[in-house]
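Notes for the one structure printed next.
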Amino acid sequence: MTDTSNAMWGGRFAGGLDQIMEAINASIGFDQRMAAQDIAGSRAHAAMLAATGILTDNDAEAIRKGLLTVLSEIEAGTFEFSTALEDIHMNVESRLTALIGEPAKRLHTGRSRNDQVATDFRLWVRDQYDETEGVLEALMKALVAQADAGADWVMPGFTHLQTAQPVTWGHHMLAYVEMFSRDLSRLRDGRRRMNQSPLGAAALAGTSFPIDRHMTAEALGFDAPCANSLDAVSDRDFALEFLSFASICAMHLSRLAEELVIWSSAQFRFVTLSDRWTTGSSIMPQKKNPDAAELLRAKIGRIFGAQVALTIVMKGLPLTYSKDMQEDKEQVFDAADNLLLALRAMGGMVADMEANRESLRRAAASGFSTATDLADWLVRELGLPFREAHHVTGALVALAEGKGCDLPDLSLEEMQAEHSGITEGVFDVLGVENSVASRMSFGGTAPARVREQVKLWQEALS
């Protein structure tokens, strides 16, 4: 057993904690990351207590100056965190008491650690949303720049990782812009929904002191106070929603990372990744490994895991606060760190990578990629029902495959042997450039459509 009881709540307890209990109970090892948010919340609370006459102006001013001193010590790395004091709230309050004495003991009037931690955590998650927004937008800008440069570069579009139809490099890049734009929308929506203040809900029932929760909410940049004190201290939806956004965004990052791994291989040679984002082999001197993309792809699992872990923590908890909820932060901290790292790495890779235009075009022209264009031509020019056109095209693909050539390499006579109505005009649609240029429907891959979308995204992200 430890020799002394905890000074913050020890009046009820004669003895101290077992060392193992102290270790499992303490959260200061990770929640010290919320120090700035904790001090911001305490400053707002103290100012409100003075404005409502609960604290004297002198006490409030002493608290304000003392909290700024504590913050400067933490930022300078000179603050000594204590496991015995459990968490960031008690560590700050203890140091504040040592600095200014009696006024510090009045700071906790009208609040509890329950609403305090809920407020700190919301502020921290909100800060992550704000930082992530800028990094996500930077990645989108890098993708738009790639799309602008290669608006008319032809490459194969795939289904089942098999060559399907020709598309443009710009169109492919903009597909990821669309994905990440939905992530950006989810980010902004989640931030808006979470922006309510739990401060002043106290332990769970509110407080008998005449506090002004709207004042503290406004001081901390919240839209309003949480309307129900029970929900205010027990809600972690904001953290789960952040993890949900992070997981979907991470999934999109992993899909792009997978493509970069494939595209940079010797078998594809679609892109060249810069030396800044690749490594070599200790034994094979020719290797240039896409390690950043591979590590990013692997780290995504930690973000998925965080969402599952916190959901399981919360799923069986009765109202209101239970100590289980101490397990909420490490998962969110880790997920936020890895999402920002992955976004920054992907932004760097996309900005630096060079698309190999000739390799893209050669691949686009292989694998009978214009077969659908041939079928469409038969429908449009000869009036064939699509199913018949599909059959004729399939037969010509089989013929070309047997001859070891592609569709444009078949002679007109060979095509007419399958259907007598085919004319020289068919060769106009069998080139990959003609194929992509013809896809002028809204959202299509035609270079003209790509350039329209590039311009819209450049304006939206400016």
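The values are calculated or read from the model by the stated rules, or taken from the named source; none is laboratory data. Keep in mind it's a predicted model, so treat the numbers as computed, not measured. Neighbour counts are summed over all protein chains in view; Cβ atoms, including those assigned to glycine, are modelled from backbone coordinates with ideal geometry. Areas reflect the complete protein model, heavy atoms only, side chains present, ligands, DNA and RNA absent. Shrake-Rupley method; radii C 1.70, N 1.55, O 1.52, S 1.80 Å.
Scan segment 59-77 and give yes if some residue there is assigned to a loop (DSSP other than H, G, I, E, B), modelled with pLDDT of 95 or more and within 37 Å of the chain's Cα centre (by Cα), otherwise no.
Pass one, segment 59-77, residues assigned to a loop (DSSP other than H, G, I, E, B): 77.
Within this subset, residues satisfying the condition of being modelled with pLDDT of 95 or more are 77.
Subset that is within 37 Å of the chain's Cα centre (by Cα): 77.
Within segment 59-77 (the criterion being assigned to a loop (DSSP other than H, G, I, E, B), modelled with pLDDT of 95 or more and within 37 Å of the chain's Cα centre (by Cα)), the answer is yes, since at least one residue qualifies.
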Name the residue, out of Val350, Val392, Val313, that is within 28 Å of Trp263 (Cα to Cα), touching a helix residue (DSSP H, G or I) at 6+ places or on another chain (Cβ under 8 Å) and among the β-branched types (Val, Ile, Thr). Val350
Can you name every residue in segment 170-206 that is within 17 Å of Ser42 (Cα to Cα) and open to solvent by 50 Å² or more (accessible area, probe 1.4 Å)? Gln196
Verdict on Asp212 being without any contact (Cβ under 8 Å) to a residue 24 or more places away in the chain and not assigned by the TED database to the domain that holds Trp457: no
Out of the residues in segment 252-305 that are in contact with a Leu (Cβ under 8 Å, 6 or more places away or on another chain) and not in a helix (DSSP H, G or I), state the one that is farthest from Ser181 (Cα to Cα). Lys288
Condition first: buried (at least 19 other Cβ atoms within 10 Å of the Cβ), assigned to a helix (DSSP H, G or I) and assigned by the TED database to the domain that holds Arg269. Can you find one or more residues in segment 349-358 that meet it? yes
Output the qualifying pairs, or none if there are none: Cβ atoms under 8 angstrom, residues six or more apart or on different chains, first residue in segment 288-314 and of a type in the set (Ser, Thr, Tyr), second residue at pLDDT below 95 and exposed (fewer than 15 other Cβ atoms within 10 Å of the Cβ). none
So which residues in segment 438-462 are crowded, with 19+ Cβ neighbours inside 10 Å and within 17 Å of Met155 (Cα to Cα), if there are any at all? Arg439, Thr445, Ala446, Pro447, Arg449, Val450
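Based on this model, can you work out whether Ser411 counts as open to solvent by 70 Å² or more (accessible area, probe 1.4 Å) and among the polar types (S, T, N, Q)? Walk me through how you get there before you give the answer.
Working: open to solvent by 70 Å² or more (accessible area, probe 1.4 Å): no; among the polar types (S, T, N, Q): yes.
Spelling it out, it is not the case that Ser411 is open to solvent by 70 Å² or more (accessible area, probe 1.4 Å) and among the polar types (S, T, N, Q).
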Exactly one of (1) open to solvent by 70 Å² or more (accessible area, probe 1.4 Å); (2) part of a helix (DSSP H, G or I); (3) over 17 Å from Met325 (Cα atoms) is unmet by Glu80. Its number? (2)
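Here are Ala364, Ala355: which of them is in contact (Cβ under 8 Å) with a residue 24 or more places away in the chain, small (Gly, Ala, Ser) and within 30 Å of Leu184 (Cα to Cα)? Steps first, please.
Numbers: Ala364 fails: within 30 Å of Leu184 (Cα to Cα).
Just a single option satisfies the conditions, and that option is Ala355.
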Tally, over segment 422-458, of residues that are touching a residue at least 60 places away in the same chain (Cβ under 8 Å) and of a type in the set (Asp, Glu): 1
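Here is a yes/no grid of residues against (1) in the same structural domain as Asp328 (by the TED database); (2) open to solvent by 40 Å² or more (accessible area, probe 1.4 Å); (3) of a type outside the set (Ser, Thr, Tyr); (4) modelled with pLDDT of 95 or more:
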{"residue": "Thr4", "(1), (2), (3), (4)": "no, yes, no, no"}
{"residue": "Gly11", "(1), (2), (3), (4)": "no, yes, yes, no"}
{"residue": "Ala23", "(1), (2), (3), (4)": "no, yes, yes, no"}
{"residue": "Arg33", "(1), (2), (3), (4)": "no, yes, yes, yes"}
{"residue": "Ala36", "(1), (2), (3), (4)": "no, yes, yes, yes"}
{"residue": "Gly41", "(1), (2), (3), (4)": "no, no, yes, yes"}
{"residue": "Ala47", "(1), (2), (3), (4)": "no, yes, yes, yes"}
{"residue": "Thr52", "(1), (2), (3), (4)": "no, yes, no, yes"}
{"residue": "Leu55", "(1), (2), (3), (4)": "no, no, yes, yes"}
Looking only at segment 309-323, decide whether some residue is crowded, with 16+ Cβ neighbours inside 10 Å, closer than 30 Å to Gly150 by Cα and not polar (S, T, N, Q). no
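Return the total of residues in segment 138-160 being under 17 Å from Asn338 (Cα atoms) and open to solvent by 10 Å² or more (accessible area, probe 1.4 Å). I'd like the intermediate steps shown before the answer.
Step one: of segment 138-160, the residues under 17 Å from Asn338 (Cα atoms) are 138-139.
Applying the additional criterion that residues be open to solvent by 10 Å² or more (accessible area, probe 1.4 Å) yields 138.
Going through segment 138-160 one residue at a time, the tally reaches 1.
Regarding Ser265, is this residue open to solvent by 10 Å² or more (accessible area, probe 1.4 Å) and without any contact (Cβ under 8 Å) to a residue 12 or more places away in the chain?
It is true that Ser265 is open to solvent by 10 Å² or more (accessible area, probe 1.4 Å) and without any contact (Cβ under 8 Å) to a residue 12 or more places away in the chain.
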Which of the residues that make up segment 96-134 are within 26 Å of Glu327 (Cα to Cα), in a helix (DSSP H, G or I) and among the hydroxyl-bearing types (Ser, Thr, Tyr)? Thr119, Tyr129, Thr132
Taking the stated definitions as given, is Thr163 crowded, with 18+ Cβ neighbours inside 10 Å, modelled with pLDDT under 95 and polar (S, T, N, Q)? yes
Out of Asp189, Asp148, sole residue that is in a helix (DSSP H, G or I) and touching a residue at least 40 places away in the same chain (Cβ under 8 Å): Asp148
Over segment 368-408, the set of residues under 18 Å from Val167 (Cα atoms) and open to solvent by 40 Å² or more (accessible area, probe 1.4 Å) is Phe368, Thr372, Asp376, Pro408
Among the numbered criteria (1) of a type in the set (D, E, K, R); (2) at pLDDT 95 or above; (3) buried (at least 16 other Cβ atoms within 10 Å of the Cβ), which single criterion is violated by Glu86? (2)
Filter segment 359-378 down to the residues that are among the hydrophobic types (A, V, I, L, M, F, W, C) and modelled with pLDDT of 95 or more and list them by number. Leu360
